[in-house]
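To start, I am sharing the structure in question, which I have written as structure tokens.
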């Protein structure tokens, strides 16, 4: 509090033509102090900065100030910090950057449970509500990173803002499929020469508007496999569907298909629905609940944390994914990891990896077709473990975190290879 700082001149005019990494260095070196300054409280900021009313918090006090970073400074921008698929993949990517000696920083407009995971992994997190509002301070901060990776199509404003920075390359990591047709357009104020698009499956890629091209960055997850449970004749065959309760995920299709099964088959099966119910989908779920009342074999267990969900998948026999549109659901990957076969349709990106030996396929939205595949799985219950092992082999080939790491670094290397003409200054 007794320091005297003198700034020569009353303003810093114009953007510098090179990367000025002082603010990134401050995070690395003094994360503890920029996270919580006892001499500059939140209430003081609200009084002094009446032109900046956005939620803004830094979580960097866990960073080791003595650590030397030898890799890239990478800015990750996520639409939220939930434990859903897209933010989780961003988490894995940020961990890979840190593991390589780089310095990842994750920025999100809203807080969430993923923040604790990021902090525990030694990654700096910034909650910055202004990224949805084209604020110049976010642009000033982002421009000094070696690469920006922006998650999901919903952050199109941030992509547009960062694409106008001449010395920054941006990867737009799209985790959507059908909605890309309506959400993307060449005329979005984006400097496309500075942005590279990546989709998570070929299924998703087909929905890109004309003249836009993308590369594929397939998902991968850490191996948390459990022992394969053999299906016994005297135990119910368990079918599990997991995902947020919404029309796109198709829980209604699942329940309607169960209703078509012969009564004696339903009596020897158990059908479990897992997923968080958001308020906008309350009426959708109420209609499903009324149907469930007539089928005691169907159970809705609500929302589960990640570890309990994995345990439930490991004790199930078949994972069912009824989505009407799903670019690459991680739950299908997790089922394969745990040696479980899936029931899928052609509008699920994960079906590109699985085959007839590892999954059952039904026609998207067709209740009768799904009922037939559930019945086929029941009748082939003795062979379900073999199908699960086939799924596991495909997981080991395509969906491990090691396989994802190779694909991720190939993408990073391609996007950053042209940065040799940029000057770097790291100072304080």
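Taken together, the values in this text are just the output of simple stated rules run on the coordinates, not laboratory data. Since the model is a prediction, treat every value here as computed from it, not as a measurement. All Cβ positions, glycine included, derive from the backbone under ideal geometry; neighbour counts span all protein chains shown.
Arrange the following residues from fewest to most other Cβ atoms within 10 Å of their Cβ: 383, 68.
68, 383
Given the options 213, 315, 244, which has the most mean-square fluctuation in a GNM of the chain, springs set between C-alpha atoms less than 10 angstrom apart?
Judging by the Gaussian network model, the answer is 213.
Would you mind ranking 317, 355 by Cβ crowding within 10 Å, fewest neighbours first?
Sorted ascending by nearby Cβ count, the order is 355, 317.
Same structure, new question: With n ≥ 4 as the cut-off for DSSP H runs, can you work out [θ] at 222 nm for the chain, using -39500 (n - 2.57) per run divided by the number of residues, rounded to the nearest 500?
Rounded to the nearest 500, the figure is -10500 deg cm²/dmol.
I'd like the antiparallel share, as a percent to the nearest 5, of DSSP beta bridges with both residues in the chain.
Bridges in the chain are about 10 percent antiparallel.
Quick one: 4, 137, 155, fewest Cβ neighbours within 10 Å first, how do they rank?
Lowest count first: 4, 137, 155.
Still on this model: Rounded to a whole number of µm²/s, how large is the Stokes-Einstein D of the chain at 25 °C and 0.890 mPa s, given Rh as the Kirkwood radius over C-alpha pairs?
Estimated diffusion coefficient is 104 µm²/s.
Running Debye on region 308-428 with equal point scatterers at the Cα sites and no solvent, what base-10 log of I(q)/I(0) appears at q = 0.12, 0.13, 0.15 Å⁻¹?
Taken in order of the listed q values, log10 I(q)/I(0) reads -0.51, -0.57, -0.69.
Determine the relative contact order of region 237-399: mean sequence separation of Cα pairs under 8 Å and six or more apart, normalised by residue count, in whole percent.
25 percent
At 37 °C and 0.692 mPa s, what whole-number value in µm²/s does Stokes-Einstein give for the translational diffusion of region 237-399, with Rh from the Kirkwood sum over Cα pairs?
Result for D is 212 µm²/s.
Test of understanding: express the Cα radius of gyration of region 58-130 as a ratio to 2.2 N^0.38 Å, with N the residue count.
Normalised Cα radius of gyration, region 58-130: 1.01.
Kindly express, to the nearest 10 degrees and within the range 0 to 90, the angle between helix 401-416's C-alpha long axis and the longest C-alpha principal axis of the chain.
Computed tilt is about 40 degrees.
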